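Scroll down for the structure; my scribbles are underneath it.
The values are calculated or read from the model by the stated rules, or taken from the named source; none is laboratory data. Quantities reported herein were computed from a predicted structural model and do not represent experimental measurements. Glycine also receives a Cβ, built like all others from the backbone with ideal geometry; neighbour counts cover every protein chain displayed.
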Amino acid sequence: MTIKYNMLLISLIASTMMPVTSHAESNNSQYQYTGYKAWAYYTYAKANLNNIVNKEVFMRAFEEYSYLDKEKEVLTIIDYSKPSSSKRFYVIDVKNPKLLYNTYVSHGIGSGKLYATEFSNNINSLQTSLGSFITAETYYGANGYSLKIDGLDKGINDNARKRYIVVHGAPYSKHQAIEATGMLGRSEGCPALPSNLSKEIINTIKGGSIIYSYGIKFSS
(Lines give C-alpha, C1' and ligand atoms only; values in the text may rest on other atoms or scores of the structure.)
Protein backbone atom coordinates (compact mmCIF):
# COMPACT_ATOMS: atom_id res chain seq x y z
CA MET A 1 0.00 0.00 0.00
CA THR A 2 2.81 2.40 0.93
CA ILE A 3 4.70 1.63 -2.29
CA LYS A 4 1.61 2.29 -4.43
CA TYR A 5 0.96 5.55 -2.58
CA ASN A 6 4.56 6.74 -3.03
CA MET A 7 4.50 5.89 -6.74
CA LEU A 8 1.26 7.85 -7.16
CA LEU A 9 2.72 10.84 -5.30
CA ILE A 10 5.88 10.82 -7.48
CA SER A 11 3.72 10.62 -10.60
CA LEU A 12 1.62 13.59 -9.51
CA ILE A 13 4.69 15.71 -8.70
CA ALA A 14 6.34 14.82 -11.99
CA SER A 15 3.22 15.73 -13.96
CA THR A 16 3.28 19.28 -12.57
CA MET A 17 6.76 19.82 -13.96
CA MET A 18 5.90 18.98 -17.57
CA PRO A 19 5.54 21.85 -20.07
CA VAL A 20 2.28 21.94 -21.98
CA THR A 21 3.38 24.36 -24.69
CA SER A 22 6.56 25.47 -26.40
CA HIS A 23 8.50 28.65 -25.59
CA ALA A 24 7.05 30.44 -28.61
CA GLU A 25 3.48 29.51 -27.70
CA SER A 26 3.90 30.77 -24.14
CA ASN A 27 4.08 34.37 -25.34
CA ASN A 28 0.31 34.33 -25.89
CA SER A 29 -0.82 32.27 -22.95
CA GLN A 30 -0.95 32.16 -19.19
CA TYR A 31 1.76 30.49 -17.16
CA GLN A 32 2.43 27.14 -18.77
CA TYR A 33 3.96 25.37 -15.81
CA THR A 34 2.41 24.54 -12.49
CA GLY A 35 5.59 23.16 -10.94
CA TYR A 36 7.68 26.31 -11.40
CA LYS A 37 5.28 28.54 -9.45
CA ALA A 38 6.22 27.29 -5.99
CA TRP A 39 9.88 27.78 -6.86
CA ALA A 40 9.13 31.26 -8.14
CA TYR A 41 7.18 32.32 -5.06
CA TYR A 42 9.92 30.92 -2.81
CA THR A 43 12.61 32.85 -4.70
CA TYR A 44 10.58 36.07 -4.64
CA ALA A 45 10.05 35.82 -0.87
CA LYS A 46 13.54 34.59 0.01
CA ALA A 47 15.20 37.37 -2.00
CA ASN A 48 12.95 39.99 -0.33
CA LEU A 49 11.72 41.32 -3.67
CA ASN A 50 8.33 42.53 -2.43
CA ASN A 51 7.87 46.26 -3.14
CA ILE A 52 11.04 46.17 -5.25
CA VAL A 53 10.22 43.97 -8.25
CA ASN A 54 6.65 43.88 -9.53
CA LYS A 55 5.40 40.37 -8.69
CA GLU A 56 3.54 39.86 -11.98
CA VAL A 57 6.62 40.86 -13.99
CA PHE A 58 8.76 38.59 -11.83
CA MET A 59 6.44 35.62 -12.42
CA ARG A 60 6.54 36.17 -16.17
CA ALA A 61 10.33 36.38 -16.07
CA PHE A 62 10.66 33.33 -13.87
CA GLU A 63 8.45 31.31 -16.19
CA GLU A 64 10.87 32.04 -19.02
CA TYR A 65 13.87 31.32 -16.82
CA SER A 66 12.41 28.00 -15.64
CA TYR A 67 12.57 26.27 -19.01
CA LEU A 68 15.08 28.16 -21.15
CA ASP A 69 18.53 26.64 -21.54
CA LYS A 70 21.11 28.62 -19.59
CA GLU A 71 24.54 28.16 -18.07
CA LYS A 72 24.14 30.41 -15.04
CA GLU A 73 21.55 30.53 -12.29
CA VAL A 74 21.19 34.29 -12.47
CA LEU A 75 18.09 36.07 -13.74
CA THR A 76 18.09 39.67 -14.95
CA ILE A 77 14.79 41.53 -15.22
CA ILE A 78 14.31 44.90 -16.93
CA ASP A 79 10.93 46.46 -16.24
CA TYR A 80 10.40 49.06 -18.94
CA SER A 81 6.87 49.74 -17.71
CA LYS A 82 8.60 51.97 -15.14
CA PRO A 83 10.06 55.38 -16.03
CA SER A 84 13.79 55.68 -16.64
CA SER A 85 14.02 57.72 -13.44
CA SER A 86 13.32 54.49 -11.53
CA LYS A 87 15.79 51.73 -10.76
CA ARG A 88 14.22 49.19 -13.10
CA PHE A 89 17.14 46.83 -13.74
CA TYR A 90 17.35 43.83 -11.40
CA VAL A 91 19.88 40.98 -11.17
CA ILE A 92 18.74 38.08 -9.01
CA ASP A 93 20.74 35.10 -7.80
CA VAL A 94 18.28 32.24 -8.22
CA LYS A 95 20.42 29.47 -6.73
CA ASN A 96 20.86 31.33 -3.45
CA PRO A 97 17.91 33.72 -3.68
CA LYS A 98 19.23 37.25 -3.35
CA LEU A 99 18.91 40.56 -5.15
CA LEU A 100 22.43 41.26 -6.41
CA TYR A 101 21.86 44.55 -8.25
CA ASN A 102 19.08 47.08 -8.60
CA THR A 103 20.00 50.07 -10.71
CA TYR A 104 19.08 52.39 -13.57
CA VAL A 105 18.96 51.35 -17.23
CA SER A 106 18.36 53.41 -20.34
CA HIS A 107 15.99 52.60 -23.19
CA GLY A 108 16.28 53.39 -26.89
CA ILE A 109 15.81 56.92 -28.18
CA GLY A 110 13.11 55.66 -30.53
CA SER A 111 11.14 54.08 -27.69
CA GLY A 112 10.11 57.22 -25.86
CA LYS A 113 11.35 59.82 -23.42
CA LEU A 114 10.72 59.27 -19.71
CA TYR A 115 8.74 56.10 -20.47
CA ALA A 116 9.46 53.49 -23.12
CA THR A 117 6.20 53.05 -25.03
CA GLU A 118 7.35 51.74 -28.41
CA PHE A 119 9.43 48.61 -28.98
CA SER A 120 10.92 47.05 -32.07
CA ASN A 121 13.05 44.25 -33.47
CA ASN A 122 13.83 46.22 -36.61
CA ILE A 123 17.32 47.25 -37.63
CA ASN A 124 17.89 51.03 -37.39
CA SER A 125 14.70 51.53 -35.35
CA LEU A 126 16.71 52.84 -32.37
CA GLN A 127 14.08 51.17 -30.19
CA THR A 128 14.35 48.77 -27.30
CA SER A 129 13.32 45.14 -27.80
CA LEU A 130 11.26 43.09 -25.36
CA GLY A 131 11.29 39.39 -24.51
CA SER A 132 13.90 36.88 -23.41
CA PHE A 133 17.60 37.14 -24.17
CA ILE A 134 20.61 35.03 -23.28
CA THR A 135 23.93 36.66 -22.49
CA ALA A 136 26.95 35.79 -24.59
CA GLU A 137 30.53 37.05 -24.91
CA THR A 138 32.13 40.31 -23.78
CA TYR A 139 34.27 42.71 -25.78
CA TYR A 140 35.68 46.23 -25.70
CA GLY A 141 34.07 48.63 -28.14
CA ALA A 142 33.00 52.25 -28.58
CA ASN A 143 31.14 52.08 -25.27
CA GLY A 144 33.94 50.32 -23.40
CA TYR A 145 33.45 46.93 -21.80
CA SER A 146 30.27 45.50 -23.31
CA LEU A 147 28.22 42.29 -23.36
CA LYS A 148 26.62 40.76 -26.44
CA ILE A 149 23.18 39.24 -26.04
CA ASP A 150 21.05 37.03 -28.28
CA GLY A 151 17.28 37.40 -28.55
CA LEU A 152 15.34 34.17 -28.09
CA ASP A 153 11.94 35.29 -29.40
CA LYS A 154 11.55 35.04 -33.15
CA GLY A 155 10.26 38.23 -34.71
CA ILE A 156 10.37 40.04 -31.38
CA ASN A 157 14.05 40.33 -30.45
CA ASP A 158 16.00 37.86 -32.61
CA ASN A 159 17.72 40.70 -34.49
CA ALA A 160 19.54 41.77 -31.32
CA ARG A 161 22.97 40.69 -32.54
CA LYS A 162 22.43 42.16 -36.01
CA ARG A 163 21.33 45.40 -34.38
CA TYR A 164 24.38 45.43 -32.08
CA ILE A 165 22.11 45.48 -29.03
CA VAL A 166 24.51 45.00 -26.12
CA VAL A 167 24.72 45.71 -22.41
CA HIS A 168 27.18 48.53 -21.77
CA GLY A 169 27.92 51.42 -19.47
CA ALA A 170 27.06 55.02 -20.34
CA PRO A 171 27.52 58.39 -18.63
CA TYR A 172 23.91 59.31 -19.46
CA SER A 173 22.60 56.38 -17.40
CA LYS A 174 23.47 57.74 -13.98
CA HIS A 175 21.44 59.53 -11.34
CA GLN A 176 22.97 62.91 -12.18
CA ALA A 177 21.19 62.80 -15.56
CA ILE A 178 17.85 62.42 -13.75
CA GLU A 179 18.66 65.36 -11.49
CA ALA A 180 19.43 67.49 -14.54
CA THR A 181 16.62 66.49 -16.90
CA GLY A 182 14.14 64.36 -14.94
CA MET A 183 15.07 61.22 -16.88
CA LEU A 184 18.04 59.19 -18.07
CA GLY A 185 19.67 59.81 -21.40
CA ARG A 186 18.73 57.33 -24.13
CA SER A 187 20.65 54.76 -26.13
CA GLU A 188 20.32 53.45 -29.68
CA GLY A 189 18.33 50.52 -28.34
CA CYS A 190 20.82 49.04 -25.89
CA PRO A 191 20.17 48.52 -22.18
CA ALA A 192 22.78 51.03 -20.98
CA LEU A 193 23.82 50.95 -17.33
CA PRO A 194 25.59 53.40 -15.02
CA SER A 195 29.28 53.33 -15.92
CA ASN A 196 30.42 52.74 -12.34
CA LEU A 197 28.42 49.48 -12.14
CA SER A 198 28.43 48.18 -15.68
CA LYS A 199 31.64 46.12 -15.56
CA GLU A 200 30.79 44.20 -12.40
CA ILE A 201 27.22 43.60 -13.55
CA ILE A 202 28.42 42.38 -16.95
CA ASN A 203 30.89 40.02 -15.28
CA THR A 204 28.07 38.67 -13.11
CA ILE A 205 25.60 37.94 -15.92
CA LYS A 206 27.87 37.13 -18.89
CA GLY A 207 28.22 33.67 -20.39
CA GLY A 208 24.73 32.22 -20.55
CA SER A 209 22.28 33.84 -18.14
CA ILE A 210 18.75 35.00 -18.94
CA ILE A 211 17.66 38.61 -19.36
CA TYR A 212 13.90 39.20 -19.43
CA SER A 213 12.82 42.56 -20.81
CA TYR A 214 9.26 43.62 -20.05
CA GLY A 215 7.32 46.62 -21.27
CA ILE A 216 3.89 47.92 -22.27
CA LYS A 217 3.38 49.19 -25.78
CA PHE A 218 0.96 52.09 -26.11
CA SER A 219 -1.13 52.53 -29.24
CA SER A 220 -0.67 55.86 -30.98
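I'd like the full set of residues that are more than 20 Å from Ser66 (Cβ to Cβ) and either hydroxyl-bearing (Ser, Thr, Tyr) or crowded, with 23+ Cβ neighbours inside 10 Å (or both), limited to region 205-220.
Result: Gly215, Ser219, Ser220.
Give me a count of the residues in region 108-127 that are farther than 15 Å from Tyr172 by Cβ, buried (at least 24 other Cβ atoms within 10 Å of the Cβ) and among the hydroxyl-bearing types (Ser, Thr, Tyr).
0
Any idea how many residues of region 103-130 are among the aliphatic types (A, V, I, L, M) and farther than 20 Å from Ser198 by Cβ?
Of the residues in that region, 4 qualify.
So which residues in region 172-204 are of a type in the set (S, T, N, Q) and either surrounded by fewer than 22 Cβ atoms within 10 Å (Cβ to Cβ) or outside any strand (DSSP E or B) (or both)?
Hits for region 172-204 are Ser173, Gln176, Thr181, Ser195, Asn196, Ser198, Asn203, Thr204.
Taking Ala192 as the residue in question, decide whether it is over 18 Å from the mean Cα position of the chain (by Cα), modelled with pLDDT of 95 or more, closer than 19 Å to Gly112 by Cα and of a type in the set (A, V, I, L, M).
So Ala192 does not fit the description; no.
Considering only residues that are of a type in the set (A, V, I, L, M, F, W, C) and in a loop (DSSP other than H, G, I, E, B), look in region 151-171 and name the one that is surrounded by the most Cβ atoms within 10 Å (Cβ to Cβ).
Ala160
Every residue in region 63-82 that is among the aliphatic types (A, V, I, L, M) and crowded, with 20+ Cβ neighbours inside 10 Å, please.
Those that are among the aliphatic types (A, V, I, L, M) and crowded, with 20+ Cβ neighbours inside 10 Å: Val74, Leu75, Ile77, Ile78.
Inside region 128-145, can you point out the residues that are buried (at least 21 other Cβ atoms within 10 Å of the Cβ) and either of a type in the set (S, T, N, Q) or over 14 Å from the mean Cα position of the chain (by Cα) (or both)?
Result: Thr128, Ser129, Ser132, Thr135.
Please go through region 85-132 and give me each residue that is under 10 Å from Gly189 (Cα atoms), in a strand (DSSP E or B), out of contact with any His (no Cβ under 8 Å at 6 or more places or on another chain) and of a type in the set (Ser, Thr, Tyr), ordered by number.
Residue satisfying the conditions is Ser106 alone.
Any chance region 75-84 includes a residue that's in a strand (DSSP E or B) and over 16 Å from Ile52 (Cβ atoms)?
No, there is no match, as no residue in region 75-84 is in a strand (DSSP E or B) and over 16 Å from Ile52 (Cβ atoms).
In the set Val91, Val105, which member is farther than 17 Å from Asn51 by Cα, of a type in the set (A, V, I, L, M, F, W, C) and surrounded by 18 or more Cβ atoms within 10 Å (Cβ to Cβ)?
One residue alone meets the criteria, Val105.
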